[in-house]
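Novice: Sending over a structure as structure tokens; questions will come in a sec.
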Amino acid sequence: MQKPAYDVKEIEKHLAQYIADLRAPAVLKDAMHYSLQAGGKRIRPLLLLSTVSALGKPAGRGMQTACAVEMLHTYSLIHDDLPAMDDDDLRRGKPTNHKVFGEAVAILAGDGLLTHSFGLIAEDPGLDDALKVKLIALLAKSAGPEGMVAGQVADMEGENKTLTLEELQYIHAHKTGKLLRFSVLAGAMIGGASTEQLEKFGQFADHLGLAFQIRDDILDIEGEQEKIGKRVGSDESRHKSTYPALLTLEGAKQELRRHTRLAKQCLAETGAETGALMELTGMIETRDH
């Protein structure tokens, strides 16, 4: 088994340092740091760093971009938990940001993480300017009104409605899948992938994003609150359409296996050393939190 391209603790060390280095009010830094260090699997930075490594480049070359996408992801979680959105009290087994720091500071902490993420890429001394511009443009598109934000709006509009499978896939491909896709493509760009490899890595990421969300929906039924760190059954209580609701639980599990198989097939077709990415894909399929 290929070792992961980077240890999670190494990623967390860099995340903490990037916040510590900010010249910002203490309460703002504390709130940003609180959610960044609240746990999590670091799937997005691991995908990015593992893709760089798969292409034969030093994984550390992608560290600032990897931390940038994790900061942007964390901002989305802070805002997602707010009373105006999902109104959650727990995130990864700990009180949500607004429960600790209040709604105003939580909003600003999210804003801070969002904007700082782009600065991290722009100021990375290890990347040339042309690549930085491409990465920033791709991250903006992936996270903004054509990406993650679009998925969040569609998700809110879909509450108390029975969605079609196509409508549900749109939500997940945007709300969850776009940042996962960015992580893989950014790693491929930093690693110097060919046009053909970029296409295959993109297809891999699309299947992985759907597999990730299907597993999330299954865990909302079968998961243990102590492990997943939030209320089990929250999707049903909000009357949200999910893969098990549309396909049955067994049907959702079949789709999870199908997308995982297709993701691995696309990885194999890149011709890269994708052992670590294969391991991550398997972990996403079987994770319990």
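What follows draws every value from the coordinates through simple rules; no lab data is involved. Source: prediction; values computed, not measured. For neighbour counting, all protein chains shown are included, and Cβ atoms are generated from backbone atoms with ideal geometry for every residue, glycine included.
Novice: Near the amide H of Arg91, under 5 Å away, which other amide H atoms are found, from residues 5 or more places off or on another chain, if H is placed in the peptide plane?
Specialist: Placed amide hydrogens put Thr96 under 5 Å from Arg91.
Novice: For the residues Glu285, Glu250, Glu157, what sequence is obtained by ranking on other C-beta atoms within 10 Å, fewest first?
Specialist: So the residues, fewest neighbours to most, are Glu250, Glu157, Glu285.
Novice: A further question on this structure: Could you work out Rg/(2.2 N^0.38 Å) for the stretch 8-286, with Rg from alpha carbons only?
Specialist: The value comes to 0.97.
Novice: Starting from the 7 Å offset along Cα-to-Cβ, what nm value, one decimal, do you get for the label separation of Thr248 and Leu165?
Specialist: Label at Thr248, label at Leu165, 1.3 nm between them.
Novice: Let me ask something else about it. By the gyration tensor of its Cα atoms, with a ≥ b ≥ c the square roots of the eigenvalues, what is the shape of the stretch 91-218: rounded for a/c under 1.5, prolate for a/b over b/c, or oblate?
Specialist: In terms of gyration-tensor shape, oblate.
Novice: Order the peptides 251-263, 44-56 from the highest to the lowest mean number of other Cβ atoms within 10 Å of their residues.
Specialist: So the peptides 251-263, 44-56, ranked by packing, come out 44-56, 251-263.
Novice: Order these peptides, 15-26, 81-92, by their mean beta-carbon neighbour count within 10 angstrom, highest first.
Specialist: 81-92, 15-26
Novice: Okay, next question. Run the helix sum for the chain: -39,500 (n - 2.57) per DSSP H stretch of 4+ residues, divided by residue count, reported at 222 nm to the nearest 500 deg cm²/dmol.
Specialist: -22000 deg cm²/dmol
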